[in-house]
2 protein chains.
Amino acid sequence: MSGALLDALRGCVGAAQVLVGGDLSAFELDWRKRWRGRALAVVRPGSAAEVAAVVRACAAGGAPIVAQGGNTGLVGAGVPDGSGTQVLLSLTRLNRIREIDAANLTLTAEAGCVLQAVQQAAAEAGLLFPLSLAAEGSCTIGGTLATNAGGTQVLRYGNARALCLGLEAVTASGEIWHGLAGLRKDNTGYDLRDLLIGSEGTLAIITAATLMLHPQPAATMTALAACDSLDACVALLAAAQRRLGPGLTGFEVMNAYSLALVARHFPQLRQPLAATPWTVLVELSDNEGPDHARAQFEALLADALEAGSIGDAAVAESVAQSRAMWHLRESIPLAQSEEGLNIKHDIALPVSRVAAFCAATDAALAAQWPGLRLVNFGHLGDGNLHYNVQAPAGRDAAGFLRDEEHAVNAVVFDAVVAQGGSISAEHGIGVLKREELARRKDPTALAMMRAVKAALDPNGLLNPGRVL
Amino acid sequence: MSGALLDALRGCVGAAQVLVGGDLSAFELDWRKRWRGRALAVVRPGSAAEVAAVVRACAAGGAPIVAQGGNTGLVGAGVPDGSGTQVLLSLTRLNRIREIDAANLTLTAEAGCVLQAVQQAAAEAGLLFPLSLAAEGSCTIGGTLATNAGGTQVLRYGNARALCLGLEAVTASGEIWHGLAGLRKDNTGYDLRDLLIGSEGTLAIITAATLMLHPQPAATMTALAACDSLDACVALLAAAQRRLGPGLTGFEVMNAYSLALVARHFPQLRQPLAATPWTVLVELSDNEGPDHARAQFEALLADALEAGSIGDAAVAESVAQSRAMWHLRESIPLAQSEEGLNIKHDIALPVSRVAAFCAATDAALAAQWPGLRLVNFGHLGDGNLHYNVQAPAGRDAAGFLRDEEHAVNAVVFDAVVAQGGSISAEHGIGVLKREELARRKDPTALAMMRAVKAALDPNGLLNPGRVL
């Protein structure tokens, strides 16, 4: 059977693009090195028509399909399981930017385009594609849409969903949906675009997208500010939203322990502020120019100093200083890895409840696991925290993860749900949170999701065992 | 059978809220007076639980359900058909604003809240709910979400979809989905929210929504500018986007004939500019204040005058003058009605193709119907035109509509589709465009929509005969 399927796949894409045997780790092992699967074959189509042909061949052979972009996902949705029966469909050869329409502020890219390449193409046209996240040098547009990726500018520009106007996708029966469109308004039937975005390859396979561009800002300014508490951070956020309006494009928070870890593992990185319970990174994107940006920014910080919501601040005086501030923020996950294994959370809360959530949950965790350390940082402007839990000092990190992850998750997720939050803000469900989703999602929503899945993929061949 | 159903409905909501007989025109006749149906009963539940009970009773009795908000829809989706078998479910008693969370910039409103009441509640909290459209004094939040309404500020804030963070809805089987959430990020499964938004009551019944608020602008400025051509309007739009960035909150165009109709039927309205092929209404919302707004605005207009993209401009010097400019724009549909029947279109195009579309389509229509008049106006910033066609002078308007609508639509919609546009930008499909949708939508998309409909409403009781 699998011999016939392999022959059919070779007929679809050419023998050179059907990989069987050899070291396929690049496709079979996820970025976090947490899930290692085994594919029946890695198939690399070069066009939407070839994707459709591959899907039809797999459907005829009853073979499940796992779609993969840059393989940078964090929840195990993009690698095959261990059965050796799943076809790994790599989209990376679909990497053409098909069109830039500057007057319409749109760009049409194939699914396998690397995010950074799309950012650069927009910049070369004098425009901005604002989606930005740590993996941008290797993640693909298809993957960012399949997972509805977030990142650092969601506060102003929305997540991947908000930046997509149209899709081309291949259905479970191998039909191509020609839904590329550069339209700001289109009320012709159900919103299939947003249904596929964030569905992690379980409803259809995205092959191309029309993306929304924005004018480039005339100036960008970055600052770090010291806050005594999360309440003070939230107060600064409100003041920044009032004063900067849509110019506020970044608002990140980092707790003291996060930056202490960075100091320990990357001592060469300069930390402009003295240690403080919370450090905020604020970014303004200004459409007038550097002088206006600076005046706006300094007024905001002066008011905040006077109001007592911040204790100190450092404004970047150059692009290099701005990059260094972002580099501090982006070094936290790496510093964490250097420190050892830990229990990661990607939660969202109403901004109004973040401080209360942290106060209660920090205390609940400390009571159960004295000495436990919290690497708490994230996108406060979106209510999105990476609320990561590290073993108490002296305790074996791997053992703590193995023995306590379930109990720690129960404390954190119970508190998240009680506060009206989300157990997966921007990373998705995949394999990692599938059971939590089944346990915690509204049962009516789950039933609707299952009905939609059965309707669009009746044989269950698209990324089975993920999400639902 | 219908007696038993009526008894069951009375048991759900009380006898006083089940209307049978008498003048039910307010529910059975649509706003455009184009569709008059007959309901089995008008049922007015007072809570989501009562909506669920009504849906279960209708499902048990096999009675179709038409959900209705303010009955201001333009495509016949919110009134019953003429069979006398459909239950008209009016949501207007669900009119509580449940919560305003100012720190989270969210407001939770029940489906029957009038849009203007939501705008006012936001304003009383010092915040802005930016969805704004002509029917705002009577349309409801549930209706604006069911139709994914657009309006005048989509350019900056998006349409209804972009302003909704969470939903509460009743499914076809009478279950309540508790999906209200004030979260900017939530990647826990399929995007049911956006699937229901814009589905015109055919997939579920929205009972409440959590809406996104924005800071109020510190100043707003409005101007009219005269352009020689649509190309010049598009050039002005690009310049305004570059200079004003997200401060650009309105960009409307009106052709000469539109304003001539306003002058004929509403001579008391002052028109600040001399007659010109195209008049643009530009609006800036500034987060700093009136001085900054004026400087920005004057610089934009001075540059445009120098570049030759505009010939003249008038800046509103007061709130009253600004309102008068908007009033001119909003009087076009009324002036059209005064002039007589016409063939309305609500189309969207990539902004880059609007001018070419109009040049070609204007000419094609003029060739086939010499003397035909175009009332062409709309939201150019979104590529959305109300490209309305009026009979040649001297020809009977009603007869023209009756005899030529189909042929005119064929010319217009063929051109729209050829340019990658949408035949329904913001009004939806309903009854009016159901056949056009079946004919013109991508067949794979139609098949996916039908599968989703069958999955979520297997007995076809939610607003049958609309959309699909």
Diffing segment A:81-93: the Karplus 3J(HN,Hα) column from phi (6.51, -1.76, 1.60, θ = phi - 60°), in whole Hz with x for Gly and Pro, holds 7, x, 6, x, 10, 9, 8, 8, 9, 8, 9, 5, 7
Could you pull out which residues in segment B:199-243 have an amide N less than 18 Å from a spot 7 Å beyond the Cα of B:GLN321, following the Cα-Cβ vector? B:219-226
What is the distance in Å between the Cα centroid of segment B:214-243 and that of segment A:332-367? 44
Result for interface chain A to chain B, accessible surface buried in total, 1.4 Å probe, Å² to 100, stands at 6200
Under 5 Å from the placed amide H of A:GLY189, counting only residues 5+ away or on other chains, we find B:ILE429
Show that you can apply the helix-only estimate: for chain A, add -39,500 (n - 2.57) for every DSSP H stretch of four or more residues, divide by all residues, and state [θ] at 222 nm to the nearest 500. -11500 deg cm²/dmol
Cα→Cβ-extended label distance, 7 Å offset, between A:ALA238 and A:LYS33, nm: 4.5
Can you give me the solvent accessible area of B:ASP231 with a 1.4 Å probe, rounded to the nearest 10 Å²? 100
Report for segment B:1-141 the percent antiparallel among DSSP-assigned beta bridges with both residues inside it, nearest 5. 50
Taking the label point 7 Å from Cα along the Cα-Cβ vector, the copy-to-copy distances for A:PRO392, listed from shortest in nm with one decimal, are 9.2
Using alpha-carbon positions, the gyration tensor of segment A:55-98 gives root eigenvalues a ≥ b ≥ c; with a/c under 1.5 called rounded, otherwise prolate if a/b exceeds b/c, else oblate, the class is oblate
Specify the angular offset, from 0 to 90 degrees and rounded to the nearest 10, of the alpha carbon long axis of helix B:443-456 from the longest principal axis of the alpha carbons in chain B. 40
Through the Karplus equation 6.51 cos²θ - 1.76 cosθ + 1.60, θ set to phi - 60°, convert the phi angles of segment A:333-341 into ³J(HN,Hα) values in whole Hz; use x for Gly and Pro. x, 5, 4, 4, 4, 4, 6, x, 4
So who's got an amide H within less than 5 Å of the one on A:LEU128, skipping anything under 5 residues away but keeping other chains? H placed 1.01 Å off N, in plane. A:HIS214, A:GLN216
Keeping all protein chains in place and using 1.4 angstrom, which order do A:HIS178, B:HIS265 fall into by accessible surface area, from largest down? A:HIS178, B:HIS265
Expressed as a fraction of 2.2 N^0.38 Å, the rule-of-thumb size for a compact globular protein of N residues, what is the C-alpha radius of gyration of chain A? 1.01
Round to a whole number: what % of the accessible area of chain B belongs to carbon and sulfur, probe 1.4 Å? 52
Shielding by partners, peptide A:100-108 (average Cβ within 10 angstrom, other chains): 4
At 1.4 Å probe size, with no ligands or nucleic acids counted, give the accessible surface of B:TRP369 in Å², nearest ten. 20
Under 5 Å between amide hydrogens, which residues at least 5 positions from B:LEU94 or on another chain qualify, with H placed 1.01 Å from N in the peptide plane? B:GLY112
Accessible area of A:ARG44 in the full protein assembly, 1.4 Å probe (Å², nearest 10): 70
Could you name the lysines whose alpha carbon sits less than 30 Å from that of A:LYS344, not counting residues in the same chain fewer than 8 places away? A:LYS33, A:LYS433, A:LYS441, A:LYS453, B:LYS185
Per-residue HN-Hα couplings for segment A:347-364, Karplus 6.51 cos²θ - 1.76 cosθ + 1.60 at θ = phi - 60°, whole Hz, x for Gly and Pro? 10, 10, 9, x, 3, 5, 10, 4, 5, 5, 4, 5, 4, 5, 6, 3, 5, 5
Overall dimensions of segment B:220-297 as given by Cα atoms, namely Rg and Dmax in Å: 13.7, 40
Would you mind getting the accessible area per residue of chain A, heavy atoms of the protein chains only, 1.4 Å probe, in Å²? 36
Expressed in angstrom and ordered largest first, the alpha-carbon extents of segment B:159-310 along the principal axes are 59, 38, 29
Per the Kirkwood definition applied to all pairs of different Cα atoms, how many angstroms is the hydrodynamic radius of the protein assembly as shown? 29.0
Cα gyration tensor shape for segment B:1-121, rounded if a/c is under 1.5, else prolate or oblate: oblate
Taking the alpha-carbon centre of each part, the distance from segment A:19-50 to segment A:68-102 in Å is 9
Using heavy-atom solvent-accessible surface (probe 1.4 Å) with all chains present, what is the largest-first order of A:SER90, A:SER132? A:SER132, A:SER90
Cβ-vector label at 7 Å, B:ASP414, separations to other copies in nm: 6.8
Exam field: A:GLY11 pseudo-label spacings to other copies (7 Å along Cα-Cβ), nanometres: 6.0
Once you sort the root eigenvalues of the Cα gyration tensor of segment B:279-426 as a ≥ b ≥ c, which label holds: rounded (a/c under 1.5), prolate (a/b larger than b/c) or oblate (the other case)? prolate
Any idea how far the Cα center of segment B:159-199 sits from the one of segment A:177-198, in Å? 17
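The values are calculated or read from the model by the stated rules, or taken from the named source; none is laboratory data. Remember, it's a predicted structure, so these values are computed and weren't measured experimentally. Glycine gets a Cβ as well: all are built from the backbone with ideal geometry, and neighbour counts include every protein chain shown. Calculation scope for accessible area: heavy atoms of the full protein, side chains included, ligands and nucleic acids excluded. Shrake-Rupley method; radii C 1.70, N 1.55, O 1.52, S 1.80 Å.
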